[in-house]
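Q: Starting off with a structure, shown below.
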There are 2 protein chains.
Amino acid sequence: MSPSDFKSYLEENFQISFNNIPLLQEALTQRNYLNEHPKETGRDYQRLEFLGDAIMQATVTEYLFKRYPDWDEGQLTEMRITMVQTKSFAHFARVIHLNEAIRLGKGEEMNGARDRASLLEDIWEAFIGALFLDQGQKAVVDLLNQTVFAAIDENFFDQFIDFKSRLQEKLQAQGSVDISYEIEKEERNEDNSQVFEVFVAVDGKTLAHGAGQSIKDAEKAAAQKAYQELTAK
Amino acid sequence: MSPSDFKSYLEENFQISFNNIPLLQEALTQRNYLNEHPKETGRDYQRLEFLGDAIMQATVTEYLFKRYPDWDEGQLTEMRITMVQTKSFAHFARVIHLNEAIRLGKGEEMNGARDRASLLEDIWEAFIGALFLDQGQKAVVDLLNQTVFAAIDENFFDQFIDFKSRLQEKLQAQGSVDISYEIEKEERNEDNSQVFEVFVAVDGKTLAHGAGQSIKDAEKAAAQKAYQELTAK
């Protein structure tokens, strides 16, 4: 997808109408692409990434601060960590099809960089930097409302939370306790996939059950349920 | 200085007129003060610090990005590191007399927390968070123009730069070289203070001279001069 096709895509799908196309192009350009195209006069994305990284951090921070007026700084920080990180930004880069619009060097293309989370994170930040310069802070918030902030309501960020560690911290805050996970059921479906059911217990007392296609997933599901029940009290 | 006196001080000296006094108070309140005053209903500064930290980072980033259009992301990052750090924020907290307005617990007061850089950094960030909420981003930029950004032109941040390390990185970028510092003069003033003069040489060739009241200061001055001459080329 060329930068001008991507501009049209953004207009149709996210109501974003870029004015400064060279700026959009800069956000989508990887260094080796410029080395291979010496007639190109623009820069690569790295300066815009420097800007966009700070804009993302501040915009997410302001949003969480206002959305959760009762949370303390520890809860806010935990939530921000799950939102502002490589896997998250790479996901949203794909959601808005940034991956298809990157101008990559040939070697990077062959090495699969177009689907590499670390590059997609950089490009997401660079794109946010360009959007901020071209359209202002409100346009950034509008885009995040349609993507990153909407994902909170879909529990999207739960996948990045280590609920087993959180449950352990919570349970051991007042001193040492014995936490155990045990399999209570194991089934094989007709398509040969498996389903595990486990429970998590503290000092022998069952807190919650969970299921998943691997033991790890089932344990995480049980830990998440126990953690959420404990913190809801 | 009470929060309302501090409000007047801000109006007279920085043209900042806070609307939400409880918010200003929250930014100035340390946790133990609340423990000692159970009738106080407000919070301590920590939520506002979470917000203000991100606002400072983004505001400094945008400023540097626009002020130095020819710098690459490495130069921008280096400059931001010297500006966004404990000693820097503690300094500006004192400049606007935040230290006099903090509501501290008695134990912290006795332990000298009012002059502790880490607390002053937190309070600076919390104050910026409160200013952002009360008056918006433009008011934050206005205050930084009078303080943090003005300090760039006074070379204030040079004191936080490790010029000896920077010079070494610069000189060794193309391979190993021999860097040496040597004292060329040592004088004792009538008040018993000393002045040292040193030069820095690379592979035996003198790059620059520097003077200071300690050998360390003189070496730093020589390294700074050599580094700035090399990077100005």
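Q: I'd like the full set of residues that are free of Cβ contacts under 8 Å to residues at least 24 places away in the same chain and either in contact with a helix residue (DSSP H, G or I) (Cβ under 6 Å, 6 or more places away or on another chain) or under 19 Å from A:Leu167 (Cα atoms) (or both), limited to region A:181-206.
A: The answer is A:Glu182, A:Phe196, A:Glu197, A:Phe199, A:Ala201, A:Lys205, A:Thr206.
Q: Which condition from (1) open to solvent by less than 30 Å² (accessible area, probe 1.4 Å); (2) touching a residue at least 40 places away in the same chain (Cβ under 8 Å) is the one that A:Glu100 breaks?
A: Of the numbered conditions (1) open to solvent by less than 30 Å² (accessible area, probe 1.4 Å); (2) touching a residue at least 40 places away in the same chain (Cβ under 8 Å), the odd one out for A:Glu100 is (1).
Q: Tell me, which helices (runs of 4 or more DSSP H) lie completely within region B:129-233 with 3 or more residues that are touching a strand residue (DSSP E or B) at 6+ places or on another chain (Cβ under 8 Å), aliphatic (A, V, I, L, M) and open to solvent by less than 30 Å² (accessible area, probe 1.4 Å)?
A: Passing ranges, in order: B:215-232.
Q: Kindly indicate the residue of region A:68-85 that is touching a residue at least 24 places away in the same chain (Cβ under 8 Å) and either basic (Lys, Arg) or part of a loop (DSSP other than H, G, I, E, B) (or both) and also farthest from the other protein chains (Cβ to nearest Cβ) among those meeting that condition.
A: Residue satisfying both the conditions and the ranking: A:Gln85.
Q: Find all pairs meeting these conditions: Cβ atoms under 7 angstrom apart; at least six residues apart or on different chains; first residue within region B:137-154 and among the polar types (S, T, N, Q); second residue open to solvent by 20 Å² or more (accessible area, probe 1.4 Å).
A: Going by the 7 Å Cβ cut-off, the qualifying pairs are B:Gln146/B:Phe14; B:Thr147/B:Val95.
Q: Go through the residues of region B:172-190 one by one and say whether even a single one is of a type outside the set (Gly, Ala, Ser), in the same structural domain as B:Glu219 (by TED's automatic domain parsing) and under 19 Å from B:Ala232 (Cα atoms).
A: yes
Q: Additional query: Check B:Lys138, B:Lys87, B:Lys106 and return the single one that is out of contact with any Leu (no Cβ under 7 Å at 6 or more places or on another chain) and over 30 Å from B:Asn32 (Cα atoms).
A: From the options B:Lys138, B:Lys87, B:Lys106, the qualifying one is B:Lys138.
Q: Going by what's in this entry, would A:Glu62 be described as away from chain B (no Cβ under 12 Å) and at pLDDT 95 or above?
A: No: the conditions fail for A:Glu62.
Q: Moving on. Does region B:111-128 contain any residue that is among the aromatic types (Phe, Trp, Tyr) and under 21 Å from A:Glu73 (Cβ atoms)?
A: Looking through region B:111-128, at least one residue is among the aromatic types (Phe, Trp, Tyr) and under 21 Å from A:Glu73 (Cβ atoms).
The values are calculated or read from the model by the stated rules, or taken from the named source; none is laboratory data. Everything quoted here is computed from the prediction, not taken from an experiment. A quick note on method: Cβ atoms are made from the backbone with ideal geometry, for glycine too, and the neighbour counts reach across all protein chains shown. These area figures cover heavy atoms from the full protein model, side chains too; ligands, DNA and RNA do not enter into them. Shrake-Rupley method; radii C 1.70, N 1.55, O 1.52, S 1.80 Å.
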